[in-house]
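Visitor: Mind looking over this structure? Questions follow.
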Amino acid sequence: MAERGTNVRREVLGGVATFLTMSYIVFVNPAILSAAGLPFDGVTVATALAAALFTLAMGLLTNLPFALAPGLGLNAVVAFDIILARKVPWPVGMACVVVEGLLAVVLVLAGLREAIMRAVPASLKLAIGVGIGVFITLVGLREGGIVVNDPATGIGLGDLSSGPALVALAGILVAMVLAARGVRGAILYGVGASTALGLIFGVLDGPSGVVDLPGSGSFSTIGDALKPATLADALTWALIPVIFSLFMTDFFDTVGTAFAVGNAAGLTDERGEIPNTRRLLLVDSAAAAGGGAMGVSSVTTYVESGAGVSEGARTGLASVATAALFALTIFLVPIVALVGQDVKLGQATLHPAVAPALVMVGALMMRLVAAIEWHEPEAWLPAFLVITGIPLTFSISAGIGLGVFGYVAVMLARGRGREIHPLMWVLVPLFAAFFASGWLSAHVF
C-alpha cells in the first residue's frame, strides 16, 4: 500500500464510496429484467451475489480498485431487444451473454484484447476518460431530476423546485464545498446529505426493516443459461448480430472504463498502461459470462469505481471492501434501498441520493482533458468526436467508434496512414458492423 501512497482506512473508505455510488444497480437491474419475465426476487439476490463475487475476484487477482456489477444498458439490451423484441425465452437471452463473455475470454488468452488496448493512441484513451466523465455527469444530473428529457430539444432543464432536484443539488453542493476544502470522504458526505435531506422532507421513504433473509426463490435464475439446449438455441444465425453487439459494447466499455479510472488513480505508466492489464481483462471477460450464467446480464467493470479512487483508493483492498458490502446487501436490502431507492417524478424514475456521487465522479474525470495534445489535429479532432459522442449517443462504445473513424480519417488526411497501428485498421470494419447491426439484422440475418 505504501508504494501507492495509501492506507487501510483510505482503501476501506474508497470501497464504501464505490459501493454507495453503484448500489442502485441492486434495485435497478431487477426492475429492468423482471419486465422481461425474470423473477424479481431471484434477480435481486443474484445481482448482489454476482457483484460481490466478481468484485472480490478483481481485487484479489489484480490488486486494482475496480468494482463490477451487471451493466446498466447491457441489461436493457438483453431485456428489451433480445428477450421481448425477439421473443426468445429469458434463459436463451442470458445464454447469448454467456457466449459473448466466453468469446472475450478467448481473446484475452490470445492476447488480442490487451493488444487492442495498447494500439489505441494515448490521446484517444484520454478522450475516452473525459467522454465517460461527461456521460457519468449527465447520468447523475438525470438521476437527480436536474436534467430531463425534452420532446423539442432532446434534453432540457428540469424543475429545480422539485423535491428530488433540491435534494440532489444540496448533496452536490455539500460534496463540492468539502472537496474544495480538501476533505476526504467528500463524495460520501454528499450522498449522506442527500439521503438525510430526502428522509427529512419526505422525498425518500424510510426503510421497511433492517434484515431481509433470502427466500426459496432467491437463487432461481442461476444456471438456466448453461443448459446445453439453451446454449444451442443462442447459437443461431438470427442471434449472431445480437451477440456481436453485446460483445463490442462490453469490450470497449471496459477498455474505456479501465483506462479512465486507472488514469484518475495515477496507476497508468508512461505508455498509458495499467498494471495487471491481462488479469483485469480476464476477470472482466469471465464476469460477463458469469453474469449470463447467473441470469443477471453481463457483469462488467463499473466507471463508478472512480468514486472510490477519488476518496484515495489505489489497491484491491477497496474492491474487497466493496465486495463485502455487496454480499451484505443480500441480507440488508431495506437499508441499502435508502440510497438507491426509486423516486417517481412525473413519468421519470429518479435516484436523487446517488446523483451527487455520479456528478462528482464526472467532474474528477474531466481533469484528464488537460493532458490531450490540443495543438495536434491527429489528437484533438478524434478526441472531440469521442468526448461529444459518448454522452450525446448515450453509448460509450458508439463514442469510441466515432473516435476511431475520426482518427483514421485525420491520419490519412495528414499523410500519416503508415503510422496507423494495424489493429486500428481492424477496428474500422468492426465498428462499421456495430453501427450497422440493425440493418444487418433486418437484411442479412
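The values are calculated or read from the model by the stated rules, or taken from the named source; none is laboratory data. The model shown is predicted, which means the values in this text are computed figures rather than measured ones. In this analysis, Cβ positions are derived from the backbone assuming ideal geometry, glycine residues included, and neighbour counts consider all displayed protein chains. Ligands, DNA and RNA are stripped out before the accessible areas are found, and what is left, the full protein with its side chains, is counted by its heavy atoms. Shrake-Rupley method; radii C 1.70, N 1.55, O 1.52, S 1.80 Å.
Visitor: Can you give the direction-averaged projected area of the convex hull of the alpha-carbon atoms in the chain, in nm²? Spell out each step's value before the answer.
Guide: On the way: hull surface 85.6 nm².
Convex hull of Cα atoms, orientation-averaged projection: 21.4 nm².
Visitor: Full-extension gain between Asn276 and Leu412, please, as 0.36 nm times their residue separation minus the C-alpha to C-alpha distance.
Guide: Values: separation 136, 0.36 × 136 = 48.96 nm, distance 3.35 nm.
Computed gain between Asn276 and Leu412 is 45.6 nm.
Visitor: Across bins of 10 angstrom width beginning at 0, how are the C-alpha pair distances of segment 72-151 distributed, in whole percent?
Guide: Values per bin, smallest distances first: 15, 24, 33, 26, 2.
Visitor: Based on the inverse mean of 1/r over its pairs of different Cα atoms, what is the Kirkwood hydrodynamic radius of segment 201-358, in Å?
Guide: Computed over segment 201-358, the radius equals 18.7 Å.
Visitor: Here's something else I'd like to know. I want to verify the translational diffusion coefficient of segment 332-399 in µm²/s; compute it with Stokes-Einstein, Rh as the Kirkwood radius over Cα pairs, at 37 °C and 0.692 mPa s. Walk me through the numbers on the way to the answer.
Guide: Working: Rh = 14.9 Å.
After rounding, the answer is 220 µm²/s.
Visitor: If you don't mind, another one. Between segment 403-440 and segment 191-241, what's the alpha-carbon centroid distance in Å?
Guide: Their Cα centres are 37 Å away from one another.
Visitor: Ok, one more. With Rg and the Kirkwood Rh both taken from Cα atoms, where does Rg over Rh land for segment 273-399?
Guide: On the way: Rg = 17.8 Å, Rh = 17.8 Å.
On the Cα set of segment 273-399, Rg over Rh gives 1.00.
Visitor: Further question: Enter the accessible area per residue of the chain (Å², integer; probe 1.4 Å; all protein chains in place). Walk me through the intermediate numbers first.
Guide: Working: 17640 Å² over 445 residues.
Per residue, the chain has an accessible area of 40 Å².
Visitor: Do me a favour and compute the ellipsoid semi-axes for segment 229-304 from its Cα gyration tensor, root of five times each eigenvalue, largest one first, whole Å.
Guide: Numbers: eigenvalues 171, 30, 20 Å².
Semi-axes (√(5λ), whole Å): 29, 12, 10.
Visitor: So, one more: Please compute, over every Cα-Cα pair in segment 350-445, the percentage with a separation greater than 17 angstrom. Could you put the intermediate results ahead of the total?
Guide: Details: 2864 of 4560 pairs.
Distances greater than 17 Å cover 63 percent of the Cα pairs.
Visitor: Among Val283, Val408, Val134, which one shows the biggest mean-square fluctuation in a GNM of the chain, springs joining Cα atoms closer than 10 Å?
Guide: Of Val283, Val408, Val134, the Gaussian network model singles out Val408 as fluctuating most.
Visitor: Using the beta-carbon distance between Thr388 and Asn7 and R0 = 45 Å, what value does 1/(1 + (r/R0)^6) give for FRET efficiency, to the nearest 0.05?
Guide: 0.70
Visitor: A follow-up question, please. Of the residues Pro39, Pro65, Pro377, which exhibits the maximal mean-square fluctuation in a Gaussian network model of the chain defined by a 10 Å Cα contact cut-off?
Guide: Pro377
Visitor: First obtain the Kirkwood hydrodynamic radius of segment 99-243 from its Cα pairs, then insert it into the Stokes-Einstein equation at 10 °C and 1.306 mPa s, and state the resulting D in µm² per second as a whole number. Can you show the working numbers first?
Guide: Numbers: Rh = 20.5 Å.
It comes out at roughly 77 µm²/s.
Visitor: If you don't mind, there's one more thing I want to ask. Per DSSP helix of 4 or more residues, -39500 (n - 2.57); summed, then divided by the residues of the chain. What does that give at 222 nm, rounded to the nearest 500? Before the final figure, lay out each step's value.
Guide: Numbers: 19 runs with 276 residues, N = 445.
Here the helix-only value at 222 nm equals -20000 deg cm²/dmol.
Visitor: Rounded to a whole number, what % of the accessible area of the chain do carbon and sulfur atoms account for, probe 1.4 Å?
Guide: Ligands and nucleic acids excluded, carbon and sulfur reach 67 percent.
Visitor: Can you list the trypsin sites (Lys or Arg not before Pro) in segment 1-93 that are in a DSSP coil and have 10 or fewer other beta carbons within 10 angstrom?
Guide: Values: sites: Arg4, Arg9, Arg10, Arg86, Lys87; in loops: Arg86, Lys87.
Here the sparse-neighbourhood loop sites are Lys87.
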